[in-house]
Amino acid sequence: MNLITLPQAAAHTGLSRSALSTIMKAGLLPMVVRHGRTRLIPTDVAQQLKARPAAALHHLLPTAAGIDTMPVLRVDVAKPVHEEDRPFIGFHADLSPEDLLEALRGWWTGKPEKISQTGILPVTLGGFVVAVLTGLGDWESKRTDTGVIRHRFDANLAGYISDLDTPVNLITTGTADDRRISEVLLGKHLESNSGGPIAYVSARPVPPPELPQTAVR
(Lines give C-alpha, C1' and ligand atoms only; values in the text may rest on other atoms or scores of the structure.)
Protein backbone atom coordinates (compact mmCIF):
# COMPACT_ATOMS: atom_id res chain seq x y z
CA MET A 1 0.00 0.00 0.00
CA ASN A 2 1.49 3.31 -1.13
CA LEU A 3 1.06 6.24 1.25
CA ILE A 4 1.26 9.97 0.62
CA THR A 5 1.31 12.95 2.97
CA LEU A 6 -1.56 15.38 3.54
CA PRO A 7 -0.04 18.10 1.29
CA GLN A 8 0.56 15.52 -1.45
CA ALA A 9 -3.01 14.24 -1.14
CA ALA A 10 -4.38 17.78 -1.28
CA ALA A 11 -2.42 18.47 -4.46
CA HIS A 12 -3.55 15.17 -5.97
CA THR A 13 -7.24 15.58 -5.18
CA GLY A 14 -7.54 19.32 -5.78
CA LEU A 15 -8.93 19.77 -2.26
CA SER A 16 -7.52 22.32 0.14
CA ARG A 17 -5.45 21.02 3.03
CA SER A 18 -8.05 22.51 5.36
CA ALA A 19 -10.91 20.59 3.72
CA LEU A 20 -8.93 17.36 3.73
CA SER A 21 -7.99 17.81 7.39
CA THR A 22 -11.63 18.47 8.29
CA ILE A 23 -12.73 15.29 6.51
CA MET A 24 -10.12 13.31 8.45
CA LYS A 25 -11.10 14.80 11.80
CA ALA A 26 -14.72 13.87 11.13
CA GLY A 27 -13.73 10.19 10.87
CA LEU A 28 -14.52 9.93 7.16
CA LEU A 29 -11.11 8.56 6.15
CA PRO A 30 -10.58 5.55 8.42
CA MET A 31 -7.66 4.36 6.28
CA VAL A 32 -5.51 7.34 7.29
CA VAL A 33 -2.47 6.32 9.34
CA ARG A 34 -0.07 8.31 11.49
CA HIS A 35 3.70 8.18 11.29
CA GLY A 36 4.88 10.29 14.19
CA ARG A 37 3.20 13.65 13.68
CA THR A 38 2.64 13.04 9.98
CA ARG A 39 -0.69 11.80 8.66
CA LEU A 40 -0.51 9.55 5.63
CA ILE A 41 -3.22 8.63 3.15
CA PRO A 42 -3.23 5.60 0.84
CA THR A 43 -2.88 6.76 -2.75
CA ASP A 44 -5.89 4.73 -3.84
CA VAL A 45 -8.04 6.56 -1.25
CA ALA A 46 -6.84 9.91 -2.62
CA GLN A 47 -7.73 8.68 -6.12
CA GLN A 48 -11.23 7.73 -4.92
CA LEU A 49 -11.73 11.21 -3.47
CA LYS A 50 -10.60 12.82 -6.72
CA ALA A 51 -13.02 10.62 -8.67
CA ARG A 52 -16.11 11.41 -6.58
CA PRO A 53 -18.72 12.82 -8.98
CA ALA A 54 -20.71 16.01 -8.50
CA ALA A 55 -24.21 15.73 -7.07
CA ALA A 56 -26.86 15.78 -9.80
CA LEU A 57 -29.29 18.06 -7.99
CA HIS A 58 -31.59 18.52 -10.98
CA HIS A 59 -32.82 14.95 -10.49
CA LEU A 60 -34.36 15.95 -7.16
CA LEU A 61 -36.14 19.26 -7.62
CA PRO A 62 -39.81 19.70 -8.52
CA THR A 63 -39.06 21.71 -11.65
CA ALA A 64 -42.77 22.14 -12.38
CA ALA A 65 -42.97 24.32 -9.26
CA GLY A 66 -40.32 26.65 -10.65
CA ILE A 67 -37.70 25.78 -7.99
CA ASP A 68 -34.18 25.82 -9.38
CA THR A 69 -32.00 26.10 -6.26
CA MET A 70 -31.21 23.64 -3.50
CA PRO A 71 -30.44 24.67 0.09
CA VAL A 72 -27.25 23.15 1.47
CA LEU A 73 -26.25 22.90 5.13
CA ARG A 74 -22.49 23.30 5.55
CA VAL A 75 -21.19 22.01 8.87
CA ASP A 76 -17.92 21.47 10.68
CA VAL A 77 -16.66 18.53 12.71
CA ALA A 78 -19.07 17.72 15.54
CA LYS A 79 -18.36 19.22 18.93
CA PRO A 80 -20.22 18.93 22.25
CA VAL A 81 -22.66 21.67 23.23
CA HIS A 82 -24.44 22.30 26.49
CA GLU A 83 -28.00 22.55 25.19
CA GLU A 84 -31.19 20.86 26.31
CA ASP A 85 -32.22 19.58 22.88
CA ARG A 86 -28.90 18.35 21.47
CA PRO A 87 -25.58 17.14 22.86
CA PHE A 88 -23.59 17.91 19.67
CA ILE A 89 -23.51 20.30 16.76
CA GLY A 90 -21.94 19.34 13.43
CA PHE A 91 -21.02 16.00 11.88
CA HIS A 92 -18.88 13.04 12.91
CA ALA A 93 -18.99 9.54 11.51
CA ASP A 94 -19.12 8.05 15.02
CA LEU A 95 -22.29 9.84 16.14
CA SER A 96 -25.42 7.74 16.57
CA PRO A 97 -28.24 8.44 14.08
CA GLU A 98 -30.29 9.98 16.89
CA ASP A 99 -27.52 12.37 17.97
CA LEU A 100 -26.65 13.14 14.36
CA LEU A 101 -30.20 14.17 13.49
CA GLU A 102 -30.38 16.54 16.46
CA ALA A 103 -26.93 17.92 15.59
CA LEU A 104 -28.02 18.74 12.04
CA ARG A 105 -31.66 19.84 12.07
CA GLY A 106 -31.13 23.13 13.89
CA TRP A 107 -30.68 25.80 15.06
CA TRP A 108 -29.90 27.70 11.86
CA THR A 109 -30.39 31.26 10.66
CA GLY A 110 -32.01 32.00 7.33
CA LYS A 111 -35.42 32.04 5.70
CA PRO A 112 -37.17 28.85 6.85
CA GLU A 113 -39.66 28.93 3.98
CA LYS A 114 -36.83 28.92 1.45
CA ILE A 115 -34.82 26.30 3.32
CA SER A 116 -37.75 23.91 3.54
CA GLN A 117 -39.32 24.45 0.09
CA THR A 118 -37.62 21.44 -1.53
CA GLY A 119 -38.12 19.19 1.50
CA ILE A 120 -34.47 18.10 1.09
CA LEU A 121 -31.36 19.39 2.86
CA PRO A 122 -27.98 17.96 1.82
CA VAL A 123 -25.35 18.28 4.57
CA THR A 124 -21.80 18.91 3.40
CA LEU A 125 -18.45 18.79 5.13
CA GLY A 126 -15.26 19.61 3.26
CA GLY A 127 -17.25 19.93 0.04
CA PHE A 128 -18.80 16.43 0.13
CA VAL A 129 -22.34 15.37 1.01
CA VAL A 130 -22.04 13.39 4.25
CA ALA A 131 -25.70 13.29 5.35
CA VAL A 132 -29.15 14.00 3.93
CA LEU A 133 -32.20 15.37 5.73
CA THR A 134 -35.66 14.95 4.19
CA GLY A 135 -39.23 15.69 5.16
CA LEU A 136 -38.54 19.33 5.95
CA GLY A 137 -41.78 21.20 6.25
CA ASP A 138 -42.52 22.50 9.72
CA TRP A 139 -40.08 24.30 11.97
CA GLU A 140 -39.84 26.09 15.28
CA SER A 141 -38.09 29.39 15.85
CA LYS A 142 -36.46 31.12 18.77
CA ARG A 143 -34.77 34.43 19.39
CA THR A 144 -31.37 34.22 21.04
CA ASP A 145 -30.05 36.57 23.71
CA THR A 146 -28.30 38.54 20.97
CA GLY A 147 -31.55 39.03 19.04
CA VAL A 148 -30.78 36.52 16.26
CA ILE A 149 -33.70 34.33 15.17
CA ARG A 150 -32.79 30.68 14.61
CA HIS A 151 -34.85 27.80 13.31
CA ARG A 152 -35.00 24.05 13.93
CA PHE A 153 -36.72 21.87 11.35
CA ASP A 154 -38.83 18.77 11.62
CA ALA A 155 -36.82 16.36 9.50
CA ASN A 156 -35.82 12.76 8.88
CA LEU A 157 -32.24 11.52 8.65
CA ALA A 158 -32.56 9.81 5.27
CA GLY A 159 -28.91 8.78 5.15
CA TYR A 160 -25.34 9.37 6.24
CA ILE A 161 -21.92 7.87 5.60
CA SER A 162 -18.91 6.92 7.69
CA ASP A 163 -16.32 6.52 4.92
CA LEU A 164 -15.69 8.80 1.92
CA ASP A 165 -13.53 6.17 0.23
CA THR A 166 -16.50 3.89 -0.46
CA PRO A 167 -19.56 5.86 0.75
CA VAL A 168 -22.49 3.65 1.73
CA ASN A 169 -25.76 4.88 3.20
CA LEU A 170 -25.86 3.64 6.80
CA ILE A 171 -29.65 4.14 7.02
CA THR A 172 -31.29 1.01 5.68
CA THR A 173 -34.85 1.82 6.73
CA GLY A 174 -37.12 4.60 5.59
CA THR A 175 -39.09 5.27 2.46
CA ALA A 176 -38.00 4.29 -1.02
CA ASP A 177 -37.91 7.98 -1.93
CA ASP A 178 -35.56 8.74 0.96
CA ARG A 179 -33.24 5.98 -0.20
CA ARG A 180 -33.34 7.29 -3.78
CA ILE A 181 -32.53 10.84 -2.66
CA SER A 182 -29.66 9.59 -0.52
CA GLU A 183 -28.28 7.57 -3.42
CA VAL A 184 -28.20 10.69 -5.59
CA LEU A 185 -26.45 12.80 -2.94
CA LEU A 186 -24.33 10.85 -0.46
CA GLY A 187 -20.60 10.91 -1.02
CA LYS A 188 -20.94 13.28 -3.97
CA HIS A 189 -19.01 16.50 -4.42
CA LEU A 190 -21.13 19.61 -3.77
CA GLU A 191 -19.44 22.99 -3.67
CA SER A 192 -21.23 25.96 -2.14
CA ASN A 193 -20.32 29.47 -1.00
CA SER A 194 -22.03 31.39 1.76
CA GLY A 195 -21.35 33.60 4.70
CA GLY A 196 -23.30 31.26 6.99
CA PRO A 197 -24.15 27.60 7.42
CA ILE A 198 -26.97 27.63 4.85
CA ALA A 199 -26.04 28.12 1.20
CA TYR A 200 -28.08 27.87 -1.99
CA VAL A 201 -26.74 26.21 -5.12
CA SER A 202 -28.12 26.05 -8.63
CA ALA A 203 -29.85 22.78 -9.41
CA ARG A 204 -30.20 23.38 -13.12
CA PRO A 205 -28.75 20.63 -15.32
CA VAL A 206 -25.40 21.49 -16.84
CA PRO A 207 -25.81 21.69 -20.61
CA PRO A 208 -23.43 19.60 -22.69
CA PRO A 209 -20.54 21.52 -24.22
CA GLU A 210 -21.20 22.89 -27.66
CA LEU A 211 -19.32 21.08 -30.40
CA PRO A 212 -17.36 23.28 -32.79
CA GLN A 213 -19.21 23.80 -36.01
CA THR A 214 -17.60 22.39 -39.12
CA ALA A 215 -17.60 24.68 -42.09
CA VAL A 216 -19.56 23.35 -45.05
CA ARG A 217 -17.55 23.29 -48.25
Which percent of the accessible heavy-atom area of the range 27-176 goes to carbon and sulfur, probe 1.4 angstrom?
49
Cα-centre dipole for the range 20-129 with unit charges at Cβ (Lys and Arg positive, Asp and Glu negative), debye to 20:
600
Just grab the label-to-label distance for GLU98 and THR38, each label 7 Å out from Cα along the Cβ direction, in nm (one decimal).
4.4
With both bridge residues required to lie in the chain, what share of the DSSP beta bridges run antiparallel, to the nearest 5%?
90
Please list the non-local residues whose amide H lies under 5 Å from the amide H of ARG39, H modeled 1.01 Å from N, same-chain partners needing a gap of 5 or more.
LEU6
With the 8 Å Cα cutoff and a minimum separation of six or more residues, the range 51-192 has a relative contact order in percent of 25
Per-residue HN-Hα couplings for the range 48-61 [Karplus 6.51, -1.76, 1.60; θ = phi - 60°; Hz; x = Gly/Pro]:
5, 4, 4, 8, 4, x, 6, 5, 8, 5, 5, 6, 10, 8
Dipole check, the chain, charges on Cβ (K,R +1; D,E -1), about Cα centroid: among ASN169, PRO112, ALA46 the Cα furthest to the positive pole belongs to ALA46
Considering only DSSP beta bridges where both residues belong to the range 31-155, give the percentage that are antiparallel (nearest 5).
85
Residues whose built amide H sits under 5 Å from the amide H of SER162, excluding neighbours closer than 5 in sequence, are VAL168
Test item: Cα-centred dipole of the range 1-73, Lys/Arg +1 and Asp/Glu -1 on Cβ, debye
420
Could you give each residue of the range 95-105 its phi-based ³J(HN,Hα) in whole Hz, using Karplus coefficients 6.51, -1.76, 1.60 with θ = phi - 60°, and x for Gly or Pro?
5, 5, x, 5, 5, 5, 4, 5, 6, 10, 8
If I take R0 = 30 Å and measure r between the Cβ atoms of THR173 and ASP85 in this structure, what FRET efficiency does the formula 1/(1 + (r/R0)^6) give, to the nearest 0.05?
0.80
I need the phi-derived Karplus couplings for the range 145-153: 6.51 cos²θ - 1.76 cosθ + 1.60, θ = phi - 60°, integer Hz, Gly and Pro marked x.
5, 8, x, 7, 9, 10, 10, 10, 9
Determine by what factor the alpha-carbon radius of gyration of the range 66-192 differs from 2.2 N^0.38 Å, reporting the quotient.
1.01
Given Cβ point charges of +1 (Lys, Arg) and -1 (Asp, Glu) and nothing else, what value in debye, to the nearest 20, does the dipole of the chain about its Cα centre take?
800
Between the range 102-139 and the range 7-21, what's the alpha-carbon centroid distance in Å?
26
So for each of 133-139, 3-9 I average, over its residues, the number of other beta carbons within 10 Å; can you give me the resulting order with the highest mean first?
133-139, 3-9
Which value, in Å², gives the accessible area per residue of the chain when a 1.4 Å probe is used on the protein heavy atoms?
55
Around ALA11 (Cβ within 13 Å, Cβ-to-Cβ, excluding ALA11; K/R +1, D/E -1) the net charge comes to +2
Out of residues 5 or more away from GLY126 or on other chains, whose amide H comes under 5 Å of its own, with H placed 1.01 Å from N in the peptide plane?
none
Here the gain from full extension of ASP68 to SER21, 0.36 nm per residue of separation minus their alpha-carbon distance, amounts to 13.7 nm
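The values are calculated or read from the model by the stated rules, or taken from the named source; none is laboratory data. Small disclaimer: the values here were computed from a predicted structure and weren't measured. So basically every Cβ, Gly included, is an ideal-geometry build from the backbone, and we count neighbours across all protein chains shown. Side chains included, ligands, DNA and RNA excluded: accessible areas come from the protein's heavy atoms. Shrake-Rupley method; radii C 1.70, N 1.55, O 1.52, S 1.80 Å.
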